[in-house]
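Chemist: Here you go, one structure.
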Amino acid sequence: MKQKVIVVGGGLIGTSTAYYLSKEGIDVTLVESQDIASGTSGACDKAIMMQSKAPGPVLDLALKSALMYKGLEEELEADLEYREGGGMILFETQQELEAIHRLVARQREAGLDVQLLTRDEARRRQPGLADHILGSTWWDHDAEVNPLLVSFAFAKAAQRMGAIIRLGAKVTKLLTDGDRIVGIECASEKMYADLVIVAMGVWTPQLLKSINLDVPIIPRKGQILVSERLPDFVNCNVLGGAYIAAKMEKKMAESSNPIDSVGLSLGQTSSGTLLIGGSREFAGYDFQTNVEISRAISKAATRVFPALEQVRILRTFAGLRPFTPDGKPILGPVEGWEGLFLAAGHEGDGVALSPITGKLLAQIVCGMDPGIDVSPFLLSRFQSTVSV
Amino acid sequence: MMTNTRLFSTNKDEGQRHVSFTFNGMELTGYEGEPIAAALLANGIKTIRTCEVTKEPRGIFCGIGHCYECRAEVDGISNQRTCMTPLRSGTQVSSHSSWQIEEARK
């Protein structure tokens, strides 16, 4: 008999998980409270950037995922606006230069052959950079993709292989039988399965509260600006050094003023608009945009690309990134609850990690050896002091 | 193709001032203060730009500033709605944006 799995959440992670499970012949039902990619996956940018990840388990996972992306358009029979345009991290100050040189040294040790470019080399690579930019990193294999297209393509491909997709269905409860999860309750309907995989991103803790399970995922708001369409001038992912220096040295979490947390990330979509981020702010489940933050992001962008002063912003949006205290997603089985798996907490790495997360979960569920050590990603790493 | 479609008025000299402007470098005339889109139409020009995706012609669709189909670069500012932008003497209208990343660099 076929194994029956319910995946809760229709974002980049849930749809990918549903797809790879279906591919293994599992009987999958994906349940989503709103629509595909209607939460975080529809309110983010599009980078598949390896350079921005700290060397370690997350980078290892991301590198595997990046390889999977190369063949994904063909596999899913869909245009994902995938492009391997490379990526650069700019240094504006001596301090950023030093922090990023340290990071690059670690990345090279981890096997990522990131180059360091001088001012002139950076300018040749990317036209329009301001004169004060001291230099940049460069990696050929950073890529980008349209996360909405990826989510829909995974969902459709899963559906073609027999998965059932239930949209507009809010899961209110996990159904238990002793220490076993046996299904979900959705409106007043009960659905039973051998396994439930919760891929609800920032909303994961809310569902798991129903079984008194604490999951340390905190919504972290990120705001992004959308410019008018422009002629092609950015082919790669551009990150400001402040953003990455802060990400690596964990200074942002302490700042209470969201304006201070603004760091530049910039890329151009295939329709020509720029996506310009971003902020990082703990503001609960509120995803209202803020004019002061828009202004700070605009300032960061025009400081790096002075010609953008002539360019208008069409709109701005904010999304909630599922932050975890150690910057790693929570993947795999949950200790103490048979039949419950998690795939959530990717913060800003969800786009990059979507394919590998789905595949990893499918392999674990099917009892295959994923060839990846899952232990750094288990929920139990946060529960080490709790005796079971 | 470029026929003048302006209606003749019996009392046409009631203070409306003829001004000259350009569309993609072409010298044209219109009334000062009328929407640029109207001035273009009066000169027989219906295609204000082409769609970036389909390459199909685009021009006045709603005429009231909602649909953004009639947008053009006006005096160096891209994506202006020509149906909402008044014509002035010497206005330069262009189907294409002249914005360039390097040109504006100081």
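The values are calculated or read from the model by the stated rules, or taken from the named source; none is laboratory data. Note that the structure is a prediction, hence the values are computed from the model and not measured. Please note: Cβ atoms are built from the backbone with ideal geometry, for glycine as well, and neighbour counts cover all protein chains shown.
Chemist: Would you confirm whether any residue within segment A:76-88 is hydrophobic (A, V, I, L, M, F, W, C), buried (at least 20 other Cβ atoms within 10 Å of the Cβ) and either within 14 Å of chain B (Cβ to nearest Cβ) or in contact with a strand residue (DSSP E or B) (Cβ under 7 Å, 6 or more places away or on another chain) (or both)?
Modeler: Yes, some residue in segment A:76-88 is hydrophobic (A, V, I, L, M, F, W, C), buried (at least 20 other Cβ atoms within 10 Å of the Cβ) and either within 14 Å of chain B (Cβ to nearest Cβ) or in contact with a strand residue (DSSP E or B) (Cβ under 7 Å, 6 or more places away or on another chain) (or both).
Chemist: Against the definition (among the small types (Gly, Ala, Ser), in the same structural domain as A:Pro231 (by TED's automatic domain parsing) and assigned to a helix (DSSP H, G or I)), how does A:Ala318 come out, yes or no?
Modeler: Working: among the small types (Gly, Ala, Ser): yes; in the same structural domain as A:Pro231 (by TED's automatic domain parsing): yes; assigned to a helix (DSSP H, G or I): no.
It is false that A:Ala318 is among the small types (Gly, Ala, Ser), in the same structural domain as A:Pro231 (by TED's automatic domain parsing) and assigned to a helix (DSSP H, G or I).
Chemist: Please determine, by comparing only the residues of segment A:195-231 that are part of a helix (DSSP H, G or I), surrounded by fewer than 19 Cβ atoms within 10 Å (Cβ to Cβ) and not small (Gly, Ala, Ser), which one is nearest to the other protein chains (Cβ to nearest Cβ). Write out each step before concluding.
Modeler: Start the filter on segment A:195-231 by keeping residues that are part of a helix (DSSP H, G or I), which leaves A:201-211.
After this cut, where a residue has to be surrounded by fewer than 19 Cβ atoms within 10 Å (Cβ to Cβ) as well, the list is A:206, A:209-211.
Right, trim to not small (Gly, Ala, Ser) and you get A:206, A:209, A:211.
Numbers: A:Gln206: 39, A:Lys209: 45, A:Ile211: 48 Å.
Across segment A:195-231, the extreme among qualifying residues is A:Gln206.
Chemist: Would you point out the residue of segment A:280-311, among those that are in contact with a Phe, Trp or Tyr (Cβ under 9 Å, 6 or more places away or on another chain), within 14 Å of another protein chain (Cβ to nearest Cβ) and of a type outside the set (A, V, I, L, M), that is surrounded by the most Cβ atoms within 10 Å (Cβ to Cβ)?
Modeler: A:Phe305
Chemist: Does segment A:291-305 hold any residues that are over 15 Å from A:Ser265 (Cα atoms) and in contact (Cβ under 8 Å) with a residue 60 or more places away in the chain, and which are they?
Modeler: Kept after step one, since they are over 15 Å from A:Ser265 (Cα atoms), are these residues of segment A:291-305: A:291-292.
Residues satisfying the conditions do not exist here.
Chemist: So is A:Ala187 modelled with pLDDT of 95 or more and out of contact with any Leu (no Cβ under 9 Å at 6 or more places or on another chain) or not?
Modeler: On the way: modelled with pLDDT of 95 or more: no; out of contact with any Leu (no Cβ under 9 Å at 6 or more places or on another chain): yes.
When the stated conditions are applied, A:Ala187 does not pass them.
Chemist: From the list A:Leu320, A:Leu266, A:Leu340, pick out the single residue that is under 17 Å from the mean Cα position of the chain (by Cα) and more than 14 Å from chain B (Cβ to nearest Cβ).
Modeler: Details: A:Leu266 fails: more than 14 Å from chain B (Cβ to nearest Cβ); A:Leu340 fails: under 17 Å from the mean Cα position of the chain (by Cα).
The match here is A:Leu320.
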